[in-house]
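Engineer: Can you read through this structure? Questions will come right after.
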Amino acid sequence: MCHRATLCTGAVSNENLINSSPLTKSATLRRALPNSPVSSLWVNEEKKMGSLDSDTTTTVGFFLSDKSAKVFVAGHRGLVGSAIHRKLVSLGFTNLLLRTHAELDLTRQSAVESFFAAEQPRYVIVAAAKVGGIHANSTFPADFIGVNLQIQTNVIDAALRCGSVRKLLFLGSSCIYPKLAPQPIPESALLSGPLEPTNEWYAVAKIAGIKMCQAYRLQHGLDAISAMPTNLYGPFDNFHPENSHVLPALIRRFHEAKVSGAKEVVVWGTGSPLREFLHVDDLADGVVFLMDRYSGLEHVNLGSGKEVSIKELAEMVKEVVGFQGELVWDATKPDGTPRKLMDSSKLARMGWEAKISLKDGLVNTYKWYVEHVAKQQQQ
């Protein structure tokens, strides 16, 4: 016979615990597990919730005062991980644990467990992931769900087992939300409807990562939090001519048109859809803020809170690149989702906001593209 799991022999069911309020969770766990890390964790959260909104839990900063501690940044060479690496270095962190895929394959459980056992990191930031556009997701669905599940499961579980990790942050994506989510998209929209089919494999893996952090917090007391960034751009972005996202794709097309002397650049659609963008350096700043100031069960949206139409974006990229030709819109091609904006008010209530304007971010990104991508293509 299969019995429903309980936290403490018949004391409280997981179902009732998860569906209860944060303050009820605290009291229930203190009674059920008085001497466990779970109990003390929720006692602390109960104290903090007294003067804050029920969905916003801030902590007294300790991450920024612990700069000699070992910090493992998983995926430090990617768009996101490299920005976090730069931010931590600029802040004076002196003991960063960085491993390339060749040095540590995060899809191999034994290798990850050995790494954690040997290095004993105090903080973990999970920025490693298999990412790609619509074509890649539809062509390699098993890779996008399997590899991402392996990476996050191995890292989160090893973080618990090694016994040294004080805090872990898991990075997801705005694609976790339903295709027809309300706009702006609040954290509560998670699992409220069907996903966008073109990236559901990646989205399901990221949702599982959020839930794993919540489960390990509830059952084991691991201070694991999750952040969901909006559309990102910046240095180390993917500028591939076929597989890149809209902003890096526009940068590349306008640059190549300028170099070749083309008279026009044709962009699909009408340019009317609204999108939100966040520079990766702002993301890194937000990640550090959450590591230092947030400890809660619910994931947190991390966005700029500012919308721009694709038409405005294209005109801005055209100006930054210096293309003198004509911008032509092919209205026979689809526009895509009319609007996609994340509700980052929860993070704003904690005291964080993006600092880099879209124009400044584009100038920074184009400069990096010219120096690191375009220059290599010419060689």
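The values are calculated or read from the model by the stated rules, or taken from the named source; none is laboratory data. If you're wondering where the values come from, they're calculated on a predicted model, not measured in any experiment. Every residue, glycine as well, gets a Cβ built from its backbone with ideal geometry; the counts of neighbours run over all protein chains shown. Surface accessibility is based on the protein's heavy atoms, side chains included, excluding ligands, DNA and RNA. Shrake-Rupley method; radii C 1.70, N 1.55, O 1.52, S 1.80 Å.
Engineer: Pick from PRO141, PRO194: which is surrounded by fewer than 16 Cβ atoms within 10 Å (Cβ to Cβ) and in contact with a Lys or Arg (Cβ under 7 Å, 6 or more places away or on another chain)? Full working, then the answer.
Structural biologist: Numbers: PRO141 fails: in contact with a Lys or Arg (Cβ under 7 Å, 6 or more places away or on another chain).
Residue meeting the stated conditions: PRO194.
Engineer: Further question on the same structure: Of the residues that make up region 333-344, is at least one modelled with pLDDT of 95 or more and open to solvent by 30 Å² or more (accessible area, probe 1.4 Å)?
Structural biologist: yes
Engineer: Under the condition of being closer than 21 Å to HIS245 by Cβ and out of contact with any helix residue (DSSP H, G or I) (no Cβ under 6 Å at 6 or more places or on another chain), which residue from region 115-138 is most open to solvent (accessible area, probe 1.4 Å)?
Structural biologist: The qualifying residue most open to solvent (accessible area, probe 1.4 Å) is HIS135.
Engineer: So, one more: Mind checking which helices (runs of 4 or more DSSP H) fall wholly inside region 333-379 and carry at least 2 residues that are under 25 Å from VAL266 (Cβ atoms), more than 21 Å from the chain's Cα centre (by Cα) and of a type in the set (Asp, Glu)? Give the derivation first.
Structural biologist: Working: elements: 345-350, 358-369, 375-378.
Answer list for region 333-379: none.
Engineer: Okay, next question. Name every residue in region 234-259 that is touching a strand residue (DSSP E or B) at 6+ places or on another chain (Cβ under 6 Å) and under 25 Å from GLN152 (Cβ atoms), in order of residue number.
Structural biologist: If the condition is that a residue be touching a strand residue (DSSP E or B) at 6+ places or on another chain (Cβ under 6 Å) and under 25 Å from GLN152 (Cβ atoms), then GLY234 is the only one that fits.
Engineer: If I ask for residues that are under 21 Å from the mean Cα position of the chain (by Cα) and open to solvent by less than 10 Å² (accessible area, probe 1.4 Å), which ones from region 240-256 would you list?
Structural biologist: Result: LEU247, PRO248.
Residues checked against (1) within 22 Å of PHE170 (Cβ to Cβ); (2) of a type outside the set (Ser, Thr, Tyr); (3) surrounded by 20 or more Cβ atoms within 10 Å (Cβ to Cβ):
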| site | (1), (2), (3) |
| --- | --- |
| PRO229 | yes, yes, yes |
| PRO235 | no, yes, no |
| LEU274 | no, yes, no |
| HIS279 | yes, yes, yes |
| TYR294 | yes, no, yes |
| VAL300 | yes, yes, yes |
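Engineer: What are the residue pairs meeting all of these: first residue in region 84-109, first residue over 23 Å from VAL288 (Cα atoms), second residue open to solvent by 90 Å² or more (accessible area, probe 1.4 Å), Cβ atoms under 9 Å, and 6 or more apart or on different chains?
Structural biologist: The qualifying pairs are HIS101/ARG77.
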